1. If you check residue 438 against the conditions, is it farther than 22 Å from residue 359 by Cβ and within 16 Å of the ligand (Cβ to nearest atom)?
2. Across the stretch 67-86, what is the number of residues that are open to solvent by less than 40 Å² (accessible area, probe 1.4 Å) and either in a loop (DSSP other than H, G, I, E, B) or not β-branched (Val, Ile, Thr) (or both)?
3. Looking at 248, 220 in this structure, which one is hydroxyl-bearing (Ser, Thr, Tyr), part of a strand (DSSP E or B) and either open to solvent by less than 20 Å² (accessible area, probe 1.4 Å) or in contact with an Asp or Glu (Cβ under 8 Å, 6 or more places away or on another chain) (or both)?
4. When you go through 113, 162, 89 one by one, which is the residue that is surrounded by fewer than 21 Cβ atoms within 10 Å (Cβ to Cβ), within 14 Å of the ligand (Cβ to nearest atom) and among the small types (Gly, Ala, Ser)?
5. Just one of the numbered conditions (1) part of a loop (DSSP other than H, G, I, E, B); (2) open to solvent by 80 Å² or more (accessible area, probe 1.4 Å); (3) more than 25 Å from residue 186 (Cα to Cα); (4) of a type in the set (D, E, K, R) is not true of residue 476; which one?
6. Does residue 183 fit the bill of being open to solvent by less than 10 Å² (accessible area, probe 1.4 Å) and within 9 Å of the ligand (Cβ to nearest atom)?
7. Counting just the residues of the stretch 116-145 that are among the acidic types (Asp, Glu) and within 14 Å of the ligand (Cβ to nearest atom), which one comes out surrounded by the fewest Cβ atoms within 10 Å (Cβ to Cβ)?
8. Please return the ranges of strands (runs of 3 or more DSSP E) entirely within the stretch 299-414 where 2 or more residues are among the hydroxyl-bearing types (Ser, Thr, Tyr) and open to solvent by less than 40 Å² (accessible area, probe 1.4 Å).
Amino acid sequence: MQRKGQTMKAKTTDGREVDLKQDLLDGLKMRMRGSLLLPGEPGYEDSRTVWNGMIDRRPAAVARCLGTADVIECVKLAVANDLLLCIKGGGHNIAGLACADGGLMLDLSPMRGVWVDTRRKIAHAQGGCLLGDVDRETQLHGLAAVLGFVSQTGVAGLTLGGGFGYLTRRWGYTADNVVGMDVVTADGRQVRASNEENQDLFWGLRGGGGNFGVVTGIDYTLYPVGPEIVGGVVAWPASEASKVLELYRSLVEEAPPELTLAILMRPAPAAPWLPKEWHGKPIVGLLACHSGKTEEGEKVVAPIKAFGTPIGDVLVRRPYAQLQTLFDAANPKGRRYYWKSEYLPRIEPALCEKAIEHAAAIRSPHSAVILFQLKGALNRLSEEHSPAGNRDACYVFNLAASWEKAEEDETHVAWARQAWNDMKRFGTGGNYINFLTEDENQERIEAALGKSIRRLGEIKSKWDAKNIFRTNRNIRPA
Ligand SMILES: Cc1cc2nc3c(=O)[nH]c(=O)nc-3n(C[C@H](O)[C@H](O)[C@H](O)COP(=O)(O)OP(=O)(O)OC[C@H]3O[C@@H](n4cnc5c(N)ncnc54)[C@H](O)[C@@H]3O)c2cc1C
């Protein structure tokens with residue numbers, strides 16, 4: 001806790017250490033509706049920690065913003081005093097981009113309001129919403145936005161990087177389904193970004209990350225989904241993996257757009273739907289979500305349920321919002337995580353062999369090899385549609401390492417890196433910017449953004465020439 005007369009240290013945008021004067025903090029505190037937290041104060045630890053336990057950074061202060069006016073106060077103060085700014089949406093970014101040592105953190109977690117316009121089929125979500133906040137409110141009306149599939153992920157970070165989930169095959173990336181955003185810009189104004197207003201900013205925000213401002217609200221197009229759908233997982237012993245992957249390859253060829261299929265290979269979690277004797281033993285799971293009519297869904301997933309002798313089967317009719325939380329428990333905040341990922345044009349037999357081989361080399365009870373189907377609507381838009389790009393991506397693989405103890409870091413990071421080195425040749429050459437870890441280099445960022453980088457640089461120089469918003473996958477002003 002800061003004592004009276006004690007000086008706080010903070011970082012400037014170019015990394016210098018400066019004194020954070022008490023009167024500056026007192027003034028900000030007075031002007032904010034939310035709270036300003038300093039190290040040692042209750043709530044500071046919760047704000048500064050992010051999902052990935054590998055990230056351990058300490059901002060100089062945390063501003064828990066309660067609304068746009070608070071965000072504007074913080075941006076103005078940071079700009080006037082050249083303070084490093086960082087923005088936390090859901091805090092789920094694996095590289096820990098939400099948190100910077102010595103920065104002024106804008107924690108948007110108090111801004112989680114969702115308003116659903118059932119007539120226009122649009123949801124307005126505040127910038128600190130988690131996916132589950134939006135699903136919960138929209139599902140009351142049998143509607144859904146195109147989001148990811150872990151309910152504690154932040155909508156803002158996910159959308160600003162592109163975003164995909166079970167509805168992507170039908171309607172594209174999350175960013176393809178945004179109709180407008182409210183943004184606080186580097187000059188402390190609130191502006192609207194949409195196809196009607198500030199089109200350049202709107203384009204940049206749909207894949208270019210938080211480079212251009214603080215997003216305080218996002219308007220999503222909604223579609224009729226659920227509330228009941230058919231979804232879940234069927235699991236078999238890992239010894240059946242090559243047959244299950246062959247089944248997967250044949251099913252994805254024929255799958256209607258309503259059906260999204262994924263493969264999960266990992267040690268069995270201690271989940272109640274898996275027999276105790278299997279816990280910790282290697283399994284292969286086929287994850288399915290059919291977002292159309294339930295009768296139709298049951299028909300199309302029948303071959304999965306009838307395949308071989310599963311050790312567990314929770315592929316059933318269930319609320320869509322419940323399916324969206326199915327993997328929450330497997331991804332707790334604070335565990336250690338390291339990912340390596342690539343977009344794929346197709347699922348080749350040789351890729352499947354490699355996936356099985358590297359799944360067998362997993363040494364942590366929490367790590368997994370994941371293949372996720374994307375093919376569909378996103379491929380029908382042009383590469384120039386938005387910086388989310390990668391319109392040739394039909395699948396994505398993720399080598400998702402996760403473990404408990406810091407002393408095991410090297411082992412599990414090495415597993416993901418080795419597997420990726422062996423499997424990256426199957427990729428499109430692009431990758432998903434939101435899956436990049438802290439140690440990824442500029443080459444990988446450029447591969448994720450492709451040709452969009454140049455236009456993003458121009459937009460950056462118009463909206464944030466001084467690079468105030470830099471704690472992200474940073475675009476240099478052109
Ligand atoms: C368990 C798990 C599951 C996931 N599943 C999916 C999935 O199904 N589909 C998918 O597409 N992705 C998925 N992701 C990846 C996810 O899209 C990224 O981790 C994303 O960055 C998370 O957003 P966030 O708001 O939680 O991140 P944060 O860590 O809070 O922020 C990430 C970046 O966005 C910036 N940012 C956040 N909020 C704002 C804002 N309001 N205004 C301006 N900038 C902001 C931050 O400054 C930072 O640079 C998953 C991640 C995890 C950890």
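1. For residue 438, the condition - farther than 22 Å from residue 359 by Cβ and within 16 Å of the ligand (Cβ to nearest atom) - is met.
2. Qualifying residue count, the stretch 67-86: 9.
3. Exactly one of 248, 220 is hydroxyl-bearing (Ser, Thr, Tyr), part of a strand (DSSP E or B) and either open to solvent by less than 20 Å² (accessible area, probe 1.4 Å) or in contact with an Asp or Glu (Cβ under 8 Å, 6 or more places away or on another chain) (or both), namely 220.
4. On the way: 162 fails: surrounded by fewer than 21 Cβ atoms within 10 Å (Cβ to Cβ); 89 fails: surrounded by fewer than 21 Cβ atoms within 10 Å (Cβ to Cβ).
Step by step, each of 113, 162, 89 is checked, and only 113 is surrounded by fewer than 21 Cβ atoms within 10 Å (Cβ to Cβ), within 14 Å of the ligand (Cβ to nearest atom) and among the small types (Gly, Ala, Ser).
5. Against the list (1) part of a loop (DSSP other than H, G, I, E, B); (2) open to solvent by 80 Å² or more (accessible area, probe 1.4 Å); (3) more than 25 Å from residue 186 (Cα to Cα); (4) of a type in the set (D, E, K, R), residue 476 comes up short only on (3).
6. Criteria met by residue 183.
7. The qualifying residue surrounded by the fewest Cβ atoms within 10 Å (Cβ to Cβ) is 133.
8. 336-344, 395-403
The values are calculated or read from the model by the stated rules, or taken from the named source; none is laboratory data. Because the structure is predicted, anything quoted here is derived from the model rather than measured. With ideal geometry, Cβ positions are generated from the backbone for all residues, glycine too; neighbour counts draw on all protein chains shown. Heads up: the accessible areas ignore ligands, DNA and RNA and are worked out on the full protein's heavy atoms, side chains in. Shrake-Rupley method; radii C 1.70, N 1.55, O 1.52, S 1.80 Å.
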